[in-house]
1. Once you wrap a convex hull around the alpha carbon atoms of the chain, what is its projected area averaged over all directions, in nm²?
2. In degrees between 0 and 90, to the nearest 10, how far off the longest principal axis of the chain does helix 223-239 point, with axes built from Cα atoms?
3. In deg cm²/dmol and to the nearest 500, what is the mean residue ellipticity at 222 nm of the chain if only DSSP H runs of at least 4 residues count, each as -39500 (n - 2.57), divided by the residue total?
4. With only alpha-carbon pairs counted, each pair once and no self-pairs, how large is the Kirkwood hydrodynamic radius of the stretch 65-178 in angstroms?
5. Indicate, rounded to the nearest 5 percent, the antiparallel portion of the DSSP beta bridges found entirely in the chain.
6. Whenever you get a sec, compute what percent of the accessible area on the chain sits on carbon and sulfur atoms (1.4 Å probe).
7. Round to the nearest 0.05 the FRET efficiency obtained for residue 136 and residue 287 when R0 = 35 Å and r is the Cβ-Cβ distance.
8. Work from the charge dipole of the chain (Cβ charges, +1 for Lys and Arg, -1 for Asp and Glu, about the Cα centre) and give the residue of 147, 234, 516 farthest towards its positive end.
Amino acid sequence: MPKPKWLEDAVFYEIYPQSFYDSNGDGIGDIEGIIRKLDYVRDLGCNGIWLNPCFDSPFKDAGYDVRDYKKVAPRYGTNEDLCRLFSEAHKKGIRVILDLVPGHTSEEHEWFIESKKPENNEFSNRYIWTDSWFKRPQGLAFVGGEAERDGAYILNFFKCQPALNYGFLNAKEKWQLPPNHPDCVATREALMDVMRFWLQRGADGFRVDMADSLVKNDDVHKSGTSSVWKTVRAMLDEEFPEAFLVSEWSSPDLSLKAGFHADFLLDHENSGYKSLVRNYKIDWQRRKVVNDVSFFKKDGMHDVTKFLSQYLPWYEKTKNDGYISFITGNHDTPRISLSLDPHELSLAYSVLLTMPGVPFIYYGDEIGMAYIDIPTKEGGYTRTGSRTPMQWSYSALNAGFSTAPPDKLYLPVDTRPNAPSVAAQQAEDSSLLNTVKTLLRLRHTESDLQAIPNFELVNSKDFFDRTARVPFIYKRGKFICAVNPHTRRTTSIISIIGTEKLIPKYKKVFAIGNGTLINGECSMEPQSFGMWKIE
Ligand code: NOJ
């Protein structure tokens with residue numbers, strides 16, 4: 001399937017609009033604020049923005065409970081502001097994708113208000129209802145007793161988020177419609193209508209929320225839900241061939257075949273991503289990470305093979321279909337810095353940003369912003385601590401996020417004495433921020449380091465017999481990358497798979513700490529990363 005060429009060099013920055021930059025001093029971030037910070041995003045090296053939901057909403061789930069898909073929430077600005085964000089971003093070479101929530105709406109959406117009426121109407125089947133108040137849907141969360149309509153309705157996530165009706169695979173009950181029922185087709189059409197609305201106004205695509213959740217009673221291959229996305233992708237290929245679709249699914253073998261251009265690897269048990277940077281438990285009572293054996297921890301297990309055993313089969317299977325997206329974190333995960341210290345972060349980012357696929361940086365991760373222990377806000381619960389205001393400069397009020405009195409902020413700013421900031425890190429050559437910038441500059445200048453599927457593991461076979469499986473060494477076209485998170489020096493012979501003979505000269509193009517690559521032997525000092533270009 002064709003995919004937009006621009007994705008090859010794309011690096012995205014996820015912006016949580018509430019917390020990025022408040023341009024009007026009301027204590028909450030806004031679209032005008034994002035426009036004013038576009039130069040920052042560009043200078044960081046990101047040429048794409050994923051904007052978390054910015055639509056009209058009662059905000060019981062921070063905007064993932066959409067009340068009107070076609071209206072920007074007044075607290076962020078107007079539809080005109082969002083269109084201006086698109087055009088200003090485009091002038092700077094930045095694309096903007098929106099957050100599309102296809103599986104549910106807010107209970108305050110006008111479709112749902114109509115759907116819950118006892119009289120049959122155009123929206124009666126827009127959501128999933130049983131046909132009697134007394135009927136309890138098996139295995140699906142539902143609400144009964146709240147509407148005049150005789151029936152219970154199915155939920156997709158929180159209680160405020162009734163599930164939209166894309167039908168049931170192998171429908172068993174009368175109230176379960178097949179996916180090709182005209183009312184389920186109408187839901188799909190309504191979704192595409194929303195997509196067209198924003199794409200026609202300048203959006204560059206969508207991050208799709210809970211993309212695997214559409215058709216209920218789906219099989220293990222998600223064939224019902226996949227068929228909805230295939231229809232959507234066909235529409236895009238036809239009408240908006242440059243638009244990008246990335247899924248919250250974390251199963252690239254299914255999602256990319258279903259039509260997504262990219263899929264996030266999330267912190268799920270089987271994702272590989274977890275064993276790299278989030279292989280721990282959190283004791284939420286004490287807000288502490290315990291049993292942390294993430295690959296990049298200096299005192300961890302240093303075993304990259306768990307990651308490889310999960311990632312490589314997916315990569316091999318999907319490399320011609322689309323891209324796997326690595327993330328530094330997102331608005332649902334604890335900040336990556338909860339487990340990794342700044343040096344470990346720099347090693348982790350060096351790997352995450354030199355892998356194939358389309359990477360995403362969560363705002364603030366580039367400076368190592370902390371997870372803050374604060375009370376829940378708008379359905380965030382333990383996620384709230386990862387959503388605090390961006391720390392621009394501590395010489396300004398509220399770290400430069402807003403001019404509102406501190407007690408009027410959407411969420412509190414990190415006020416710990418050594419909290420990182422953009423201003424401080426811009427001034428320091430070896431800061432995390434400047435490391436990210438250097439890595440992204442390299443990625444943009446060297447096509448071998450971009451999204452294309454040219455990854456090769458080049459550790460020799462004996463590597464797998466060791467207890468500490470480091471350094472981890474991989475090749476991307478003309479580049480060899482090696483990382484050693486261990487506290488002692490480690491060495492490995494590289495074996496080059498394929499036809500290329502490697503007696504060549506290597507030129508070091510990037511390094512954190514010291515490492516050497518001489519005649520096929522790679523020796524890495526403690527906690528180092530190195531990248532060499534084969535000449
Ligand atoms: C996933 C989103 O990332 C999360 O923030 C949200 O609460 C749920 N989906 C429900 O939409």
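The values are calculated or read from the model by the stated rules, or taken from the named source; none is laboratory data. Here the structure is a predicted model, which means the values were calculated and not measured. Cβ atoms come from the backbone with ideal geometry, glycine included; neighbour counts cover every protein chain shown. For the accessible areas, the whole protein counts, side chains as well, though only heavy atoms, and no ligand, DNA or RNA atoms are used. Shrake-Rupley method; radii C 1.70, N 1.55, O 1.52, S 1.80 Å.
1. Values: hull surface 100.1 nm².
Approximately 25.0 nm², given one-decimal rounding.
2. So the helix axis and the longest Cα principal axis differ by about 80 degrees.
3. On the way: 12 runs with 124 residues, N = 535.
After summing the helix terms and dividing by residue count, I get -7000 deg cm²/dmol.
4. Numbers: mean 1/r = 0.0628 Å⁻¹.
Result for the stretch 65-178 stands at 15.9 Å.
5. Working: 40 of 66 bridges.
The answer is about 60 percent antiparallel.
6. Working: 10530 of 20800 Å².
Reported share for carbon and sulfur atoms: 51 percent.
7. Working: r = 37 Å, r/R0 = 1.06.
Rounded to the nearest 0.05, the efficiency is 0.40.
8. Looking along the dipole axis, the top candidate is 516.
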